[in-house]
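Structure first, commentary second.
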Amino acid sequence: MKAGILGGGQLGRMLLQEAANYTVETWVMEKDRDCPAAHLCHHFVQGDIRDYDAVYAFGQQVDVLTIEIENVNVEALERLEAEGKTIIPKPSALKTIKNKILQKQYYRHHSIPSPAFLVTQDKAELATKTDFLPAVHKLGMGGYDGRGVQLLKKAADIENGFDAPSVLEKMIDIDKEIAISVAIDKKGAHVIYPPVEMIFDPYLNLLDYQLCPADIQKTTLWKAEAIALAVARNFGSPGIFAIEMFIDRSGDVWVNETAPRVHNSGHHTIEAHYSSQFDMLWRIMLDYPLGNTALIMPSIMINILGAEGHKGNALYEGMNEVLAMENAYVHIYGKSQTAPGRKMGHVTILERDKTDLLRKAGKVKKALRVIS
Ligand code: ADP
């Protein structure tokens, strides 16, 4: 079987690491020849995943195609699907998710709880919606890693809003942010991963630590699982779906957004779960039974980000100290260049006790630095 991955970032790299366990010929397309996934695949094709002709030509060479980022040419995938190629997730699901406006309308259509919203076409229209504040303005297309999101607390903040089709979403009084991944095979069977709890770096707006299982009440978990399942199943598509949710201070659960692919919130599943999200996606693509999502041990995941004030050839400080720690697993993504806040790798720690996890995570965070 020939399998193609659109995008050659760290998620593609981790997917390829797991592919080594199966009989599959892997193909990757990415613009940058030096990307994290380039030297782990059997065939690397240099090309723009946003380009119709490039994606179409790439897809014709493989039997099954997946993505590691949403930013791909969906029209080309639709044509490939019409011509009989298996695309996971289905282009229709990708189309809905890629555009935050369509994604919010999807939640509304399926009665999935997600913060109330309005659509604004431009800044002039946004200026007429001040009675909807405080709210969060989200760019319809092209936002990523917090870059397409602006908090608008008061009328004066409208200045910072987007001058393009966007979602204006009510601000939620967030207690916790969690994510649940749901895997669905081609026959429609599903499995659910335990919830992870995200803790963000307020300055870089990037995922900082991530704890699994999330420290939430059973009743909240049941609600969140039912919601995540409804989000994933209504796409009518096989694949792995990461559903990010907010838990507010009254214990209500709201869907923030969904990714129809392997996701950062599942990095820890490589060591901490019987079947990782990457293994799971191969099982789906290659028509094998779904894996076991149960955790082997609780875990915490720490992102390794490029240090402030350092730009250039990456150097890793403190590796010895971290590798000497019991049950600490280091993943370096193989990016040659570092920049402040750039995701360069991650560390997963396994421990039975939450206090030990947090203590060790702090130690890793302090020890490991990416400089130039
Ligand atoms: P991105 O796709 O760029 O990661 P998100 O939509 O996940 O953007 O938003 C980034 C962060 O902004 C969230 O993790 C959350 O902390 C905050 N946020 C987003 N929407 C809301 C909301 N409705 N209410 C409060 N905070 C929000």
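General remarks:
Yes/no matrix, rows are residues, columns are (1) among the hydroxyl-bearing types (Ser, Thr, Tyr); (2) farther than 29 Å from ASN303 by Cβ:
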| position | (1), (2) |
| --- | --- |
| GLN10 | no, no |
| ALA20 | no, no |
| TRP27 | no, no |
| ASP32 | no, no |
| CYS35 | no, no |
| PHE44 | no, no |
| TYR56 | yes, yes |
| LEU77 | no, yes |
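- Members of the range 229-257 found to be touching a helix residue (DSSP H, G or I) at 6+ places or on another chain (Cβ under 8 Å), of a type in the set (Gly, Ala, Ser) and closer than 13 Å to ILE180 by Cβ, listed by number: ALA242
- Single residue of VAL255, VAL231 found to be of a type in the set (A, V, I, L, M), outside any helix (DSSP H, G or I) and within 16 Å of the ligand (Cβ to nearest atom): VAL255
- Breaking point among (1) in contact with a helix residue (DSSP H, G or I) (Cβ under 7 Å, 6 or more places away or on another chain); (2) closer than 25 Å to SER114 by Cα, for SER276: (2)
- So ILE349, is it of a type outside the set (Gly, Ala, Ser), within 30 Å of ASP215 (Cβ to Cβ), in contact (Cβ under 8 Å) with a residue 24 or more places away in the chain and crowded, with 20+ Cβ neighbours inside 10 Å: yes
- Residue that is at pLDDT 95 or above, under 21 Å from ARG233 (Cβ atoms) and touching a strand residue (DSSP E or B) at 6+ places or on another chain (Cβ under 6 Å), where the choices are LYS138, LYS104: LYS104
- Residue within the range 236-252 that is in a strand (DSSP E or B) and surrounded by fewer than 17 Cβ atoms within 10 Å (Cβ to Cβ) present: yes
- Pair list, Cβ under 6 Å, 6 or more apart: the range 51-66 residue among the small types (Gly, Ala, Ser), other residue at pLDDT 95 or above: ALA54/GLY47; ALA54/ASP48; GLY59/LEU65; GLY59/LEU80; GLY59/LYS85
- Looking only at the range 202-252, and only at residues there that are among the acidic types (Asp, Glu) and closer than 30 Å to ARG359 by Cβ, the one that is modelled with the lowest pLDDT: ASP208
- Strands (runs of 3 or more DSSP E) wholly inside the range 102-219 containing at least 2 residues that are within 12 Å of the ligand (Cβ to nearest atom): 135-139, 149-152, 166-170, 174-184, 196-201, 206-212
- Across the range 155-189, the number of residues qualifying as more than 26 Å from THR130 (Cα to Cα) and crowded, with 16+ Cβ neighbours inside 10 Å comes to 10.
- Members of the range 112-130 that are farther than 22 Å from THR258 by Cα, buried (at least 16 other Cβ atoms within 10 Å of the Cβ) and under 28 Å from the mean Cα position of the chain (by Cα): none
- Beta carbons closer than 7 Å, at least 6 apart along the sequence or on distinct chains, pair a first residue in the range 125-149 that is basic (Lys, Arg) with a second that is near the ligand (Cβ under 9 Å from one of its atoms) and modelled with pLDDT under 95 for LYS138/GLY148; LYS138/VAL149.
- Subset tally (residues that are surrounded by 22 or more Cβ atoms within 10 Å (Cβ to Cβ) and either more than 18 Å from GLY334 (Cα to Cα) or of a type outside the set (A, V, I, L, M, F, W, C) (or both)) for the range 27-48: 2
- Considering only residues in the range 260-272 that are surrounded by fewer than 23 Cβ atoms within 10 Å (Cβ to Cβ) and within 16 Å of the ligand (Cβ to nearest atom), the one that is nearest to PRO89 (Cα to Cα) turns out to be HIS263.
- Residue count for the range 279-322 under the criterion of being modelled with pLDDT of 95 or more, polar (S, T, N, Q) and over 30 Å from THR86 (Cα atoms): the result is 3.
- Options SER299, SER275: the member that is without any contact (Cβ under 8 Å) to a residue 40 or more places away in the chain and surrounded by 16 or more Cβ atoms within 10 Å (Cβ to Cβ): SER275
- Residue list for the range 73-101, filter: of a type in the set (Val, Ile, Thr) and away from the ligand (no atom under 16 Å from the Cβ): VAL74, THR86, ILE87, ILE88
The values are calculated or read from the model by the stated rules, or taken from the named source; none is laboratory data. Note that the structure is a prediction, hence the values are computed from the model and not measured. Virtual Cβ from ideal backbone geometry, glycine too; neighbours counted across all protein chains shown.
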